[in-house]
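Novice: Before anything else, here's the structure in question.
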Amino acid sequence: MAEQEQRLENTCCDVTIIHEDVIERVRSGMPAEEELFDLAEFFKVFGDTTRIRILYALFQSEMCVCDLAHLMGLTQSAISHQLRVLKQAKLVQFRREGRVVYYSLADDHVKSIFDQGYQHIQERN
């Protein structure tokens, strides 16, 4: 416990000085609170391993729910639920061919976000 307190003390300033110019510059550049909330909600979607696995599979190929369920060893219902979350976050899109619905990534941004996160993890290991 003492070691943790020592590390905490080392991260604090020795004196309390408010740098108004820095605060004002940062404050003026901050997005609206609602936009930050939306951004946090967006990143929460990436917080589920099943959704990450679905996204990774869809990088490789457009797939239907049945194929995704078989690939991942999950029920179609479980996959459908996760796809609904991904659709609401605008990360995947779908097209219907007869009675079959195929899912794919919504756009190249999705792969870019995933790749950036994956690269960050690999660099840390």
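The values are calculated or read from the model by the stated rules, or taken from the named source; none is laboratory data. Fair warning: this is a prediction, and the values are worked out from it, not measured in the lab. Positions of Cβ are backbone-derived with ideal geometry, glycine not excepted, and every protein chain shown enters the neighbour counts. These accessible areas exclude ligands, DNA and RNA; they are computed on the full protein's heavy atoms, side chains included. Shrake-Rupley method; radii C 1.70, N 1.55, O 1.52, S 1.80 Å.
Novice: Sorted by mean Cβ packing within 10 Å, highest first, what order do the peptides 72-82, 110-120 take?
Specialist: 72-82, 110-120
Novice: Then there is this: Starting from the alpha-carbon convex hull of the chain, give the projected area averaged over all orientations, in nm².
Specialist: Computed as one quarter of the Cα hull surface, the answer is 12.7 nm².
Novice: While we're on this one: If you take every residue apart from Gly73 with its C-beta less than 14 Å away from the C-beta of Gly73, what net charge results, scoring Lys and Arg +1 and Asp and Glu -1?
Specialist: Counting the neighbours of Gly73, the net charge comes to 0.
Novice: Could you compute the net charge surrounding Glu41? Neighbours are other residues with a C-beta less than 11 Å from the C-beta of Glu41; K and R count +1, D and E count -1.
Specialist: Value of the local net charge: -2.
Novice: Which peptide among 35-44, 56-65 comes first, and what is the full order, when sorted by highest mean count of other Cβ atoms within 10 Å?
Specialist: Taking the mean over residues of other Cβ atoms within 10 Å, the ranking is 56-65, 35-44.
Novice: In region 62-78, which residues have a backbone nitrogen under 16 Å from the label point lying 7 Å from Gln88's Cα in the Cα-to-Cβ direction?
Specialist: Answer for region 62-78: 78.
Novice: Ok, one more. Per the helix-only calculation at 222 nm, which mean residue ellipticity applies to the chain, given -39500 (n - 2.57) for every DSSP H run of n ≥ 4 and division by its residues, nearest 500 deg cm²/dmol?
Specialist: Here the helix-only value at 222 nm equals -20000 deg cm²/dmol.
Novice: With each label point set 7 Å from Cα along the Cα-Cβ vector, what nm distance links Gln60 and Phe42?
Specialist: 2.8
Novice: Also, quick follow-up: Where the accessible area of the chain is counted over protein heavy atoms with a 1.4 Å probe, how much of it, in %, is carbon and sulfur?
Specialist: Solvent-exposed carbon and sulfur of the chain make up 52 percent of the total.
Novice: Then there is this: Taking a probe of 1.4 Å, how large is the accessible area per residue of the chain, in Å²?
Specialist: Per-residue value: 79 Å².
Novice: For Ser77 and Asp115, calculate 0.36 nm times their separation in residues minus their Cα-Cα distance, and state this gained length in nm to one decimal.
Specialist: Extra length from Ser77 to Asp115 when fully extended: 10.9 nm.
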